[in-house]
Amino acid sequence: MSRLCAKPGCDRRATATLSYAYAESTVWLEDLAAEAHPMVHDLCDLHADTVRVPRGWELRDQRSLAAGPPSLDLIGA
Ligand SMILES: [Zn+2]
């Protein structure tokens, strides 16, 4: 069972869930939630990667799948 990206005109499979909190001026990107929720938006990987937040807001990308397994090269080990 899969859901589609919430962006109008986009029919790619959703891979991430976007949520936000006005009180904290924060937007979260997380792995696709198990259940759809009226307060969040499902996005495909393309649109999740191009999310822009309003000035003064913080974007916290907490996805674990999008970037694949951690690379030792990136860590510098
Ligand atoms: Zn999309």
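Below, the figures for the structure above:
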item	result
Per DSSP, loop GluC sites (Glu not before Pro) in the range 1-68 with at most 15 further Cβ within 10 Å	35
Rough spin-label spacing in nm, given labels placed 7 Å along Cα→Cβ, for residue 12 and residue 64	2.3 nm
Scaled radius of gyration (Cα, divided by 2.2 N^0.38 Å) that the range 1-63 gives	1.06
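Just so you know, all these numbers are worked out from the coordinates, no wet-lab data involved. Computed from a predicted structure; not experimentally measured. Here Cβ is always computed from backbone atoms with ideal geometry, including for glycine, and neighbour counts include all displayed protein chains.
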